[in-house]
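Please read the structure below before turning to the comments.
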Amino acid sequence: MTILISSIGDRLYKKHRSYRKSYVWVGGVSIILGGLFFYPVTWVQSTALVLIALCLGKGFAFSVGMASSVIVSSLMPARTGLLVGVMSSLVTLAGIISPLVTGSIVQAAGDVAVGFGHAMSLNALIFVVFGVLFLLFAKRNEGKMEITSPISNKIEN
């Protein structure tokens with residue numbers, strides 16, 4: 001799914017030459033679709049359908065990493081490593097916090113199945129809300145930028 005979604009973003013970028021019309025839209029819609037596929041897990045009874053929903057939900061929701069890396073590296077080309085590092089650390093922090101929150105939700109419910117349903121519903125809601133926010137607020141001036149290097153290319157005698 002990541003390869004498919006990445007190729008869609010690349011094709012749209014080649015066509016429009018706009019990060020917003022390509023990677024932002026592909027990333028935002030992917031996050032929303034991921035949330036929409038996570039939600040049915042709470043009420044679908046078929047094991048096969050639950051597995052399909054989980055695979056599609058995770059595939060859509062986590063493929064946004066492709067779009068976010070491209071967007072972040074385009075913001076400050078001279079500082080790509082720094083920005084991708086900060087983004088990676090935030091993703092890692094979320095990966096540390098989310099099991100703690102999910103475990104608390106499952107334990108508070110009493111019944112594991114009910115707690116898991118609540119955690120999946122919250123997960124779906126978070127993906128949909130942040131996907132919409134990403135689409136609304138991920139904007140940048142995409143005019144022609146002149147990239148200057150901090151190292152001078154002039155040879156002085």
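The values are calculated or read from the model by the stated rules, or taken from the named source; none is laboratory data. What you see is a predicted model, and the numbers here were worked out from it, not measured in a lab. Ideal geometry is used to build each Cβ from the backbone, glycine not excepted, and the neighbour counts take in all protein chains shown. Keep in mind that these areas ignore ligands, DNA and RNA; they rest on the heavy atoms of the full protein, side chains included. Shrake-Rupley method; radii C 1.70, N 1.55, O 1.52, S 1.80 Å.
Model label points for LYS58 and GLN45, set 7 angstrom from Cα along the Cα-to-Cβ axis, are 2.6 nm apart. Surface exposure of the stretch 4-98, expressed per residue as accessible area with a 1.4 Å probe, stands at 58 Å². Its residue count N fixes a reference of 2.2 N^0.38 Å for the chain, and the Cα radius of gyration divided by that reference is 1.30. Shown here for the stretch 1-89: trypsin sites (Lys or Arg not before Pro) in loop regions (DSSP other than H, G, I, E, B) with at most 12 other Cβ atoms within 10 Å, namely ARG17. Starting from the Cα gyration tensor of the stretch 1-79, take the square roots of the eigenvalues, sort them a ≥ b ≥ c, and report rounded, prolate or oblate (rounded when a/c is under 1.5, otherwise prolate if a/b is larger than b/c, else oblate). Taking the square roots of the gyration eigenvalues as a ≥ b ≥ c, the stretch 1-79 is prolate. Applying 1/(1 + (r/R0)^6) with r as the Cβ-Cβ distance of THR2 and GLN107 and R0 = 35 angstrom yields a FRET efficiency of 0.60. The simple Förster model, with R0 at 22 Å and r as the Cβ-Cβ distance, assigns LEU100 and VAL132 a FRET efficiency of 0.30. Packing, as the average of other Cβ atoms within 10 Å across residues, places the peptides 85-96, 101-112 in the order 101-112, 85-96, highest first.
Can you tell me, using C-alpha contacts under 8 Å and at least 6 residues apart, the relative contact order of the stretch 1-128 as a whole percent?
Relative contact order for the stretch 1-128 comes out at 31 percent.
Kindly provide the chymotrypsin sites (Phe, Trp or Tyr not before Pro) of the stretch 1-66 that DSSP labels as loop, not H, G, I, E or B, and whose Cβ sees at most 11 other Cβ atoms within 10 Å.
TRP43
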